[in-house]
Amino acid sequence: MQSDSIKVEYRDIPDFPGYRVGDDGSVWSCWKRTYPKGRIGVLYVITDQWTRLATGINEDGYHHVVLSRDKKRHTIKVQILVMLAFAGPPPKGHVSCHNNGDKNDNSYANLRYDTPKANEADKKKHGTQACGERQGHSKLKADQVQEIRRLWITGKYTQKAIGAMYGVTKHPIQSILAGKSWKHLPCESRQGAD
């Protein structure tokens with residue numbers, strides 16, 4: 001394990017022998033693949049040489065690594081490993097949170113345990129809350145939602161007709177016009193429903 005000019009503290013990852021995490025959010029392994037003579041297949045052994053693991057990014061934008069234990073692979077968020085190693089298990093009902101809202105900063109100094117409600121408040125404060133287009137399943141964009149609201153205000157179109165224009169059913173249109181979805185965008189409305 002190396003560090004540039006900053007001193008990094010490393011700790012073993014609980015329940016995962018042969019793995020460590022740095023307080024900078026780096027994840028390391030000392031497992032080595034070997035091919036012993038007279039044996040078919042690969043054998044993994046723990047060595048004294050540490051290698052930094054590459055991280056992936058999940059659909060929500062969080063960094064994760066794949067660790068092995070008992071011949072099973074486990075995909076785990078880096079922030080969880082850092083907190084387990086440096087703070088221990090979370091208190092009941094708490095999750096790991098990024099203090100600055102940056103999912104790329106998994107340093108221990110940027111992480112804490114808090115309630116899911118506090119985590120959602122952080123996301124709102126940092127502008128990282130999954131709403132509108134940032135939701136993976138959203139079929140509409142912010143400008144389309146504003147246009148849907150403008151079309152509705154004219155009184156010329158039904159919710160079903162507006163939905164057909166944008167390739168969605170009446171139900172998402174109802175939710176938009178009732179202010180149940182896309183709440184973060186300013187909303188004007190007309191009275192009545194169809």
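The values are calculated or read from the model by the stated rules, or taken from the named source; none is laboratory data. These figures come from a predicted structure and were not determined experimentally. Quick reminder, even Gly has a Cβ in these numbers, built from the backbone with ideal geometry, and neighbours come from all protein chains shown.
For the subset of the stretch 54-75 comprising residues that are hydrophobic (A, V, I, L, M, F, W, C) and surrounded by 17 or more Cβ atoms within 10 Å (Cβ to Cβ), which member is farthest from S26 (Cα to Cα)?
Result: L67.
Determine whether the stretch 1-24 contains at least one residue that is out of contact with any helix residue (DSSP H, G or I) (no Cβ under 9 Å at 6 or more places or on another chain) and touching a residue at least 60 places away in the same chain (Cβ under 8 Å).
Within the stretch 1-24 (the criterion being out of contact with any helix residue (DSSP H, G or I) (no Cβ under 9 Å at 6 or more places or on another chain) and touching a residue at least 60 places away in the same chain (Cβ under 8 Å)), the answer is no, since none of the residues qualifies.
In the list G22, G61, G56, G41, which residue meets the criterion of being within 18 Å of A85 (Cα to Cα) and among the small types (G, A, S)?
Being within 18 Å of A85 (Cα to Cα) and among the small types (G, A, S) holds for just one of G22, G61, G56, G41, which is G22.
What is the one condition in (1) buried (at least 18 other Cβ atoms within 10 Å of the Cβ); (2) in a helix (DSSP H, G or I); (3) out of contact with any Leu (no Cβ under 6 Å at 6 or more places or on another chain) that M83 does not satisfy?
(3)
Looking only at the stretch 5-39, filter to residues that are part of a loop (DSSP other than H, G, I, E, B) and under 24 Å from the mean Cα position of the chain (by Cα); which one of those is nearest to R52 (Cα to Cα)?
Checking each candidate, the answer is S26.
Just the residues that are modelled with pLDDT under 95 and out of contact with any Gly (no Cβ under 8 Å at 6 or more places or on another chain), please, taken from the stretch 19-34.
The answer is K32, R33, T34.
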